[in-house]
Amino acid sequence: MAKSRGENGPRAPAAGGSLSGTRESLAPGPDAAAADELSSLGSDSEANGFAERRIDKFGFIVGSQGAEGALEEVPLEVLRQRESKWLDMLNNWDKWMAKKHKKIRLRCQKGIPPSLRGRAWQYLSGGKVKLQQNPGKFDELDMSPGNPKWLDVIERDLHRQFPFHEMFVSRGGHGQQDLFRVLKAYTLYRPEEGYCQAQAPIAAVLLMHMPAEHAFWCLVQICEKYLPGYYSEKLEAIQLDGEILFSLLQKVSPVAHKHLSQQKIDPLLYMTEWFMCAFSRTLPWSSVLRVWDMFFCEGVKIIFRVGLVLLKHALGSPEKLKACQGQYETIERLRSLSPKIMQEAFLVQEVVELPVTERQIEREHLIQLRRWQETRGELQCHSPPRLHGAKAILEAEPGPWPTLQPSPSIRLPPDAPLPGSKDEETEELSGKDEADPDLYPEPLNTSPDKGDRTLPSRTHAGTMVTTDDQQGRGQGAPGRGPPSAEEAAFPVKQ
């Protein structure tokens, strides 16, 4: 078990010093100047110089940081087959949710087809159901004036979000306008939370795949169901998850855990941006999309697994630690990760095979929460329970549900067999699921380079909610939870 902060002495302070700073005061990183220069273009027509440059399949200017990761090439025939399967799932969502959510999880691990990614994210997250349950709500919020305190901060952040993407390259362009609308609407929807800078890249990624109203409700689901408390007034939720990550690391990579413990490096120094931005400003874009596909289906477990994989392969061997003799060198290693460990195919396979479960995360949450209460008192902010994936989100949604498909259907309990149905052939990416995983499956791999290929355990495989959806723009572009979260300063990236 991970030692508490008191047992090892104080760790290095988190970036930015005190955790009591306001969330709107996050300092821009070294790339802000480039963003300022790009966004000084006043209109889309003035941005024609950039439009003439080659744009990759994600919408990034070729040669920019966002365009570094190329999606794993999938044969056209295979892609069309996957699209057909996903269309069948989306058009018969009740059936798949009731009986075959495990199959949906496996298909999310393989990657959602780009043409259907936006629609699938809405189904998986429950954003479509929220939209159907609240007709006209976004328009109402969009027409409201908003709190000037948040509007000024949001306005300053717009041009820093993926400035080399065609949607956000010009100040005042349609991408920045929609981003402003979504973020402003959230401050009105949850005035007690207001705006957190880490919400901007989350909303921007959503806007690359769907219209503003749909992106808003997906953002609501992320903030309230997947990552509750992350964007609230205090950093308590992130601090708790940092301790959970650090404790899990002891099982996954004792070498990396020992090194970080000896260096007294607080998890906030390396995991704040990872978790609050769901790796959207850390990984190559193809890897970001694959991580988000799994995240929407399986929940925060995926975020923990990605963090553990990166730590294990960056610091998990004596050879790699030779260049990390101090705090500064270690933090720089984690801020400049090797492209190899972030590469799409490698990262996804490692994440799928890492045996870290919801039960494990929730048990660690209880342990860390108890330690927090013993050393710091009660949490100051309280947030809704964290739900692990789309299946858990749908099951927690109070009925009656909106109609999810064109024709009426009988909603069955999640484990009830469908009349006349057969189990489909197994399509598993990682092998046969374990029926009843141990809380801490053993053995866990301690080698930084060669995993034991332990099979992933059964978890909340997810799904979401919706029927026919208009496709979002930029298709190929790109329980129990901690209580509250304040922002942390992190550098601006494209």
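What follows is calculated from the coordinates using simple rules that are stated; it is not laboratory data. Predicted, not measured: the structure shown is a model, and the values here were computed from it. In this analysis, Cβ positions are derived from the backbone assuming ideal geometry, glycine residues included, and neighbour counts consider all displayed protein chains.
Using DSSP to define loop residues, name the trypsin sites (Lys or Arg not before Pro) in the stretch 70-124 whose beta-carbon has at most 14 other beta-carbon atoms within 10 Å.
Numbers: sites: R80, R82, K85, K95, K99, K100, K102, K103, R105, R107, K110, R117, R119; in loops: K100.
Here no trypsin sites (Lys or Arg not before Pro) fit, given the DSSP loop and packing criteria.
For M342, M210, which order do you get if you count the other beta carbons within 10 Å of each Cβ and list the fewest first?
On the way: M342 22, M210 26.
Ranking M342, M210 by Cβ neighbours within 10 Å, fewest first, gives M342, M210.
Where the convex hull is taken over the Cα atoms of the stretch 231-306, what is its projected area averaged over directions, in nm²? Can you show the working numbers first?
Values: hull surface 21.8 nm².
If you wrap the Cα atoms of the stretch 231-306 in a convex hull and average its projections, you get 5.5 nm².
So which lysines can K322 reach, going by Cα to Cα under 18 Å and dropping same-chain residues fewer than 8 places off?
Hits, sequence-local ones excluded: K258, K264, K312.
Which pairs, out of K110/K340; K103/K225; K85/K137, put more than 25 Å between their alpha-carbon atoms? Walk me through the intermediate numbers first.
On the way: K110/K340 19 Å; K103/K225 22 Å; K85/K137 33 Å.
Beyond 25 Å: K85/K137.
Provide R160, R54, R181, R363 in ascending order of the number of other Cβ atoms located within 10 Å of each residue's Cβ, fewest first.
If I rank by nearby Cβ atoms, fewest first, I get R54, R363, R181, R160.
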